[in-house]
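Structure first, commentary second.
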Amino acid sequence: MIQYLVVEFIRTISHFTLGQGTKEFLLKLPVGFWTLASGLVTAGVAILTLVVTQMMNLKKQERQAKTQNEALTTQLNHQRELAYRQHFLDKRTEILLDFQKKIEECIDLLEYFYSISADDDRIEKLRPKYKDMNVANMIKKNIIKNSYHRDNIVEMANLALEQLSDIEKRTLSLQNAFRLFAIYLDDDERYKVFETVWQIDYLQMLYISSLKKLQQEPLNYYPSALKFIHIGEDIDNSYYTLMKDIDSKIYDVRDIFKKYLYIHKLDD
């Protein structure tokens, strides 16, 4: 192969327009020189090819690395976004569940206060006398006026306050929980939930203030004692009316809970 290249090279330079002396000088050079020169040219071409190949490979690697970095950055940004989103949803769910727990506890406590068993216990403490002592006729409108005593009023008030337990602290905690939950609600939802929370707090304030007055000055608030017995019989009782209104509104509040707890609603 080397000899072939030498012969071709000599043949080529013989066609060049060179000075006669230059041609003779080149043709008189020994074959070893041309072999060496050919080897150097071949080596040079090989080195050049290698360098070009390496440069091309390096650029290819750089492009691949850049593409991989961009893909990794995109993936990390996506993961970060998912993490933020998950944290937001987890926090929202935590706040919702806390508020839900508190409002249901308040509702349960108020409903217990209106229950027949709690009402019977208060009646037993007040010990009113009825016009007809037949059980079927022992209703509020048949209570004999002023038939119960001062001490009975105090005992009934004490029991009623026990039945309401720590309703004041519970409603305060409920209001605080609502302030956090309200951040996630739209205007209509916020109004519905706020109205229910406000009515719960208002009802408990009416209860507590009235019962404390009965405790401290039973004779001055004598007729008020009847508001706390046979509650379900007196539909004109302001306490009863307010409780029925709360009962109707709590269904809307529970629907709002469902909206924010259902998975397919999380993006709303």
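Below is a table of values for the structure above.
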{"item": "Count of the stretch 107-140 residues which are surrounded by 11 or more Cβ atoms within 10 Å (Cβ to Cβ), over 24 Å from TYR202 (Cβ atoms) and not aromatic (Phe, Trp, Tyr)", "result": "13"}
{"item": "Yes/no for LYS249 being modelled with pLDDT under 90, assigned to a helix (DSSP H, G or I) and either aromatic (Phe, Trp, Tyr) or more than 25 Å from ASP120 (Cβ to Cβ) (or both)", "result": "no"}
{"item": "Residue in the stretch 89-105 that is within 25 Å of LEU214 (Cβ to Cβ) and aliphatic (A, V, I, L, M) present", "result": "no"}
{"item": "Test: residue in the stretch 203-218 that is assigned to a loop (DSSP other than H, G, I, E, B), surrounded by 13 or more Cβ atoms within 10 Å (Cβ to Cβ) and at pLDDT 90 or above", "result": "no"}
{"item": "Check on LYS141, in contact with a strand residue (DSSP E or B) (Cβ under 8 Å, 6 or more places away or on another chain) and among the charged types (D, E, K, R)", "result": "no"}
{"item": "Search result, residues across the stretch 219-243 that are over 20 Å from LEU159 (Cα atoms), surrounded by 14 or more Cβ atoms within 10 Å (Cβ to Cβ) and among the charged types (D, E, K, R)", "result": "ASP234"}
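The values are calculated or read from the model by the stated rules, or taken from the named source; none is laboratory data. Values in this document were obtained by computation on a predicted structure and should not be read as measured data. Counting neighbours? That spans all protein chains shown, and the Cβs are built from the backbone with ideal geometry, glycine included.
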